[in-house]
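The structure appears right after this line, and notes come after that.
Values quoted throughout were computed directly from the atomic coordinates according to the rules given, and no laboratory measurement underlies them. Since we're looking at a predicted model, the values are computed, not measured. Here the Cβ positions follow ideal geometry from the backbone for every residue, glycine too, while neighbour counts run over all protein chains shown.
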């Protein structure tokens, strides 16, 4: 077992440090096409119904698994040969994000809302693509035991970027706005231009880091070779054979591989993935209405929840990364799930306390700290399930499964509160975490199934699509 001092040294690893800046690059675009954009459109006088519909641009993040096979396997002309596959896709997506943000900065939604929507969609699509490539890079860059630290620094950068794109963009717009009484396009133009410039953080990091060595297992290579032989035996040849074999390897085999490695236990793992964050996601949807109903002001919520709470999440993520190294991944995963469920009960206490800033600080501190621990452990766990041959595709699938059920359940949260009240709601969100503890315990009994690597002395395969 590592000492705490030895565990802390993981945060000095060059690739762990790099994830701080890559996490910033990943977190920057999200609010610029959601919350911050909604504020801009509202100030511009766009109808609330239209603003609500425009939030659907965020669906690009939920459906990124659809084009993840392309990011996993398709080489980019000029860039892949010089940078490697992961860095090439990172750089292309970052350049597209910067260009699309500049497009938003130079499009007034009052004059041409369609153009604003087009550029917002481009930002969301490019940002989701960056996420796919970045997750694959993170998984391939270091060994499994360092994944907790990678997740922690990624989350720290991501949260800092969200503060920058949220509060930061509003501060910039306000600083150059001659009068907040009337709408003026120029402040938003300046704010989004600055945000586009900040994408340079990710671009420079991508150019500095090294491409990870992608190790393709012997059984994966054998399986794909056998598939090509079967397609050839079926009468396919030439370009058609290459196209079908590529599609089979890129689109179908990532899912087949996961099922083959875990068999019926894959259902248990998918259930854990789908439910692990359910208590936090369902609670998070109603947290702001809850604060408002208790009488907390915008400044109180912003300072405690949006700034101090983010700091506590970063601290929890860092602690989670250390715990993965110190006590192991599954124990940290169980601890994170238990704390996430238990801290939801603090909101019952806060509902009883009412408008009490001290109670709000304590509740937000405990909740966000536990969420940070759980997130680091969970990201490390998901990374351990991935076959590096299909890292982008499989991880994109896992994150989609992770969000689908919790988001669906969260849609009924307001109706539940109206019917049963806040105390019952928060108690139920805590109870939602109880089955997760059982699933973590059962998953801990599953022996990790890692594909066998090529035998000692054989070269590592840097595979290109067939």
Which angle from 0 to 90°, rounded to the nearest 10, does the C-alpha axis of helix 309-327 make with the longest principal axis of the chain?
30
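Please state the shape class of segment 1-212: rounded when a/c is under 1.5, otherwise prolate if a/b exceeds b/c and oblate if not, all from the C-alpha gyration tensor.
Values: a/c = 2.29, a/b = 1.68, b/c = 1.36.
Prolate, since a/c reaches 1.5 and a/b exceeds b/c.
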Obtain the nm distance between the two label points defined at residue 56 and residue 99 by a simple spin-label model: each point lies 7 Å from its Cα along the Cα-to-C-beta direction.
2.6
Compute the angle between helix 218-233 and the longest alpha-carbon principal axis of the chain, please, reported from 0 to 90 degrees and rounded to the nearest 10.
70
Quick check for you: which residues of segment 23-50 have the amide N under 16 Å from the point 7 Å beyond the Cα of residue 307 toward its beta carbon?
none
By the C-alpha gyration tensor axes a ≥ b ≥ c (rounded if a/c is under 1.5, else prolate when a/b exceeds b/c, else oblate), the shape of segment 347-412 is oblate
Note down the nm distance, to one decimal, between modelled labels 7 Å out along Cα→Cβ at residue 247 and at residue 234.
1.0
So how do 149-158, 424-433, 26-35, 170-179 stack up, highest first, on mean other-Cβ count within 10 Å?
149-158, 26-35, 424-433, 170-179
With R₀ set to 25 angstrom, the calculated FRET efficiency between the beta-carbons of residue 419 and residue 267, to the nearest 0.05, is 0.15
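Sort the chain into rounded, prolate or oblate with this rule: let a ≥ b ≥ c be the square roots of the eigenvalues of the Cα gyration tensor; rounded if a/c is under 1.5, and if a/c is not under 1.5, prolate when a/b is larger than b/c, oblate otherwise.
Values: a/c = 1.78, a/b = 1.26, b/c = 1.41.
The shape class here is oblate.
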Expressed in angstrom and rounded, the centroid-to-centroid distance over alpha carbons for segment 90-118 and segment 305-344 is 36
Expressed in nanometres to one decimal, the distance between label points 7 Å along Cα→Cβ at residue 70 and residue 226 is 3.1
The helix 329-344 Cα axis meets the longest alpha-carbon principal axis of the chain at an angle in degrees, between 0 and 90 and rounded to 10, of 20
How big is segment 260-348 in terms of Cα radius of gyration and Dmax, in angstroms?
16.6, 54
Dividing the mean separation of Cα pairs under 8 Å (6+ apart) by the residue count of the chain yields a relative contact order in percent of 25
If packing is taken as the average count of other Cβ atoms within 10 Å, what order do 371-382, 114-125, 235-246 fall into, highest mean first?
371-382, 114-125, 235-246
In deg cm²/dmol, rounded to the nearest 500, the helical mean residue ellipticity at 222 nm of the chain, built from -39500 (n - 2.57) for every DSSP H run of length 4 or more, is -23000 deg cm²/dmol
